[in-house]
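The block underneath contains the structure these notes are about, expressed in structure tokens.
Derivation of every value follows stated rules applied to the coordinates shown; laboratory data play no part. Computed from a predicted model, the values in this text were never measured in an experiment. Note that we place each Cβ from the backbone using ideal geometry, even for glycine, and neighbour counts take in every protein chain shown.
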Amino acid sequence: MAEYIDLPIETDPQDVLNDFITYIQSLVPGWTPGAGNLDAWLANAIALAAAETRDVASAVPKSIFRYFGATLVNYPPIDAVSAAVLTDWTAIDAAGYTIPAGTQVSIAKTGDETFAFQTTEDAVIAPGDTTVTGVQAIALIPGADSSGVGAPGGTVDLVDPLAFVTAITQQAATAGGADAEDDDTYLNRLASYLQTIAPRPILPNDFAVFAKAIPGVARVVVIDGYNTADDTFDNPRMVTIVGIDSSGAALDGTHKSEVQADAEARREVNFIVNMDDPTFNNIDVTVQVKALDGFDPVALQAAIEQAITDYLSPATWGSVDGDPTQWTNQPVVRYLEIAALVNAVPGVDYITTTGGNYDLEIAIHPAALGRVDLNLTGIAPLPVADVLSVTVT
């Protein structure tokens, strides 16, 4: 059976003190701490502080793995459970009353030990009746200690001020409470569970995660259901993987073979994995801007060209939250985004206009320039800056 292995961190103050003494004796042969001397007091104080620090440090790995199990692999520890009890309530008359959800009561376990409970939902004593039965209450503090409290017909004390209640009894002893799973029990269970997890891609993005783990593969987009053989979509149990390297170039044959072989080894039975290259769309941009006073036109022209080139870089196109390793399939170059990009370059006052139209046009080379959004071609399209014509006045 798999078991969690604790980090060997010594936390006993006496053991820490012994290590301290051994270390000092290695530097000063024959030294021994004298009882009542300052050096002995210091040694004990340092050992106690170090032990407390080590005790905190020893708990950190367990906290990390509890978070890992509960959050990342969706295998949470067993939490404490509150005991429950059904209760019967009696009112002072038949006028009709409502016992609100969350009403608190207490049940004595011994002469001086009581447990607090609260009702779970509104309970109605209908007009004409003086009692309501089967009102559930659960312990405020979960755990096994909240079970076995009271007995059938036992008295339940009202904590909240409900003047119309004259008596509350329980139908049976409280039951169902359970303690939370301790760290060691949970981590041993988690260790066994992790052995059953096979690293298999299920969702399209899973294929991308495995592919990007291969050295030389920088970015990957996966087209679910696409068949490269006949250019059709919505094919069941099929994906097409498209990858590029860190420079934005298509993967070479060696890396594509590695990606496909790895995916084939991990895939489910009868699942088809295809490989394809991105379609690179060369983008032409022509723009004329007015420079702010004091900015060198030549340097500003170069800065605008660089900004456009970086924006249209296949190495970062479609990145998510600034992470260049993430690639969403973004098939449109937006005219207004190019305009905003140019205007944001330091030194640009504004994009000039001619005849009421902005002096900014874009196109997929070699098509005619225009003031429109560009629909990129290909199932995994990427833009590349091509002919850039920047004029600064």
Worksheet item: Each residue of segment 373-380 in order: what ³J(HN,Hα) in whole Hz does its phi give by Karplus 6.51 cos²θ - 1.76 cosθ + 1.60, θ = phi - 60°, with x for Gly and Pro?
Response: 6, 10, 8, 5, 9, x, 6, 9
Fill in: Given (i) 29.5; (ii) 22.0; (iii) 21.4, the label whose value is Kirkwood radius over Cα pairs in Å derived from this model
(i)
Worksheet item: In terms of modelled amide H atoms, which long-range or inter-chain residues lie less than 5 Å from the amide H of Ile272?
Response: Met238, Val239
Discussion item. Sort Ile308, Ile21, Ile202 by Cβ crowding within 10 Å, fewest neighbours at the top.
Written reply: Ile202, Ile21, Ile308
Item to complete: Calculate, in nm to one decimal, what Ser246 and Ile202 gain on full extension: separation in residues at 0.36 nm each, minus their alpha carbon distance.
Response: 13.3 nm
Worksheet item: Taking the highest mean first, how do the peptides 242-248, 231-237, 268-274 order by number of other beta carbon atoms within 10 angstrom per residue?
Response: 242-248, 268-274, 231-237
Practice prompt. For the chain, set up a Gaussian network in which alpha carbons nearer than 10 Å are linked by springs, and say which option among Glu181, Glu121, Glu305 fluctuates the most.
Written response: Glu121
Fill in: Residue order, fewest to most beta carbons within 10 Å, for Val221, Val159
Val159, Val221
Discussion item. Filter the chain for me: DSSP H helices, axial length by Cα at least 18 angstrom, mean Kyte-Doolittle hydropathy not below 0.0. List them by residue number.
Written reply: 13-27, 38-67, 297-311
Item to complete: Go through segment 115-129 residue by residue and turn each phi into a ³J(HN,Hα) via Karplus (6.51, -1.76, 1.60, θ = phi - 60°); whole Hz please, and just put x for glycine and proline.
Response: 10, 8, 10, 9, 5, 9, 7, 4, 10, 10, 9, 5, x, x, 10
Worksheet, complete the sentence: Given unit charges at Cβ for Lys, Arg (+) and Asp, Glu (-), the dipole magnitude of the chain about its Cα centre in debye, nearest 20, is 520
Item to complete: Please give the length that would be gained between Ser26 and Thr228 if that part of the chain were fully extended, namely 0.36 nm times their separation in residues minus their C-alpha to C-alpha distance (nm, one decimal).
Response: 65.5 nm
Item to complete: List, in order, the whole-Hz ³J(HN,Hα) value for each residue of segment 353-360 obtained from phi through the Karplus relation with A = 6.51, B = -1.76, C = 1.60 and θ = phi - 60°; use x for Gly and Pro.
Response: 10, 9, x, x, 10, 5, 7, 9
Item to complete: Would you work out if segment 243-393 is rounded, prolate or oblate? Take a ≥ b ≥ c from the square roots of the eigenvalues of the alpha-carbon gyration tensor; rounded if a/c is under 1.5, else prolate when a/b is larger than b/c, oblate otherwise.
Response: prolate
Worksheet, complete the sentence: For Tyr75, the residues 5 or more places away or on another chain with a placed amide H closer than 5 Å to its own amide H are Ala70
Response to the item:
Between the modelled labels at Ala40 and Val384 (7 Å from Cα along Cα→Cβ) the distance in nm is 8.1
